[in-house]
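Asks: Have a look at this one before I ask anything.
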Amino acid sequence: MQTLLILILIGMAAGFLGGMVGIGGGVLIVPALVLILGLSQHKAQGISLAMILFPVGIFGVINYYKKGYVDFKYAGLLAVGFLIGSYVGSKFSLSLPQETVKKVFAVVMILLALKLLFTGKK
């Protein structure tokens, strides 16, 4: 149950950022699956692609699926959260000045990059 909630919350956060500043999948979902749920990088990438399966990710998903790196249950739960988050994030973003949104985008990218650079398995 905890994993279910985490997946939906990750999806909502990614959807919110996707709706707000146009990022989400690879930028938030993959690091969150690795850092929060402890999945491998390949598994996280496969799940993220599966979430956006049609139409843009289908060939990538097939390749990851063949290697055993796709969990469609996780991808589905992330997609549910992303659907909700993208709606809320886009509404929020459109209420802000463009310069504010640009700064939020930059800060999110910097924070995620720093987290990935300085954390990990020892």
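Here's the yes/no breakdown for (1) within 28 Å of Met1 (Cβ to Cβ); (2) of a type outside the set (A, V, I, L, M):
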residue	(1), (2)
Ala14	yes, no
Val30	yes, no
Leu33	yes, no
Leu37	yes, no
Asp71	yes, yes
Ala75	yes, no
Leu94	no, no
Glu99	no, yes
Leu117	no, no
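Asks: If you check Lys91 against the conditions, is it closer than 15 Å to Ala44 by Cβ and surrounded by fewer than 17 Cβ atoms within 10 Å (Cβ to Cβ)?
Replies: Spelling it out, it is not the case that Lys91 is closer than 15 Å to Ala44 by Cβ and surrounded by fewer than 17 Cβ atoms within 10 Å (Cβ to Cβ).
Asks: Hand me the list of helices (runs of 4 or more DSSP H) wholly inside region 48-122 holding 1 or more residues that are free of Cβ contacts under 8 Å to residues at least 24 places away in the same chain, over 15 Å from Val21 (Cα atoms) and more than 18 Å from the chain's Cα centre (by Cα). Explain how you work it out, then say what you get.
Replies: Details: elements: 58-66, 72-94, 98-118.
Hits in region 48-122: 58-66, 98-118.
Asks: I would also like to ask the following. So which residues in region 1-47 are loosely packed, with under 14 Cβ neighbours inside 10 Å, in a helix (DSSP H, G or I) and without any contact (Cβ under 8 Å) to a residue 24 or more places away in the chain?
Replies: Scanning region 1-47 gives Gln2, Leu5, Gln41.
Asks: Please verify whether region 30-45 includes one or more residues that are over 12 Å from Ala14 (Cα atoms), at pLDDT 90 or above, within 17 Å of the chain's Cα centre (by Cα) and charged (D, E, K, R).
Replies: yes
The values are calculated or read from the model by the stated rules, or taken from the named source; none is laboratory data. Everything numeric here is computed off the predicted structure, so don't read it as measured data. Cβ atoms come from the backbone with ideal geometry, glycine included; neighbour counts cover every protein chain shown.
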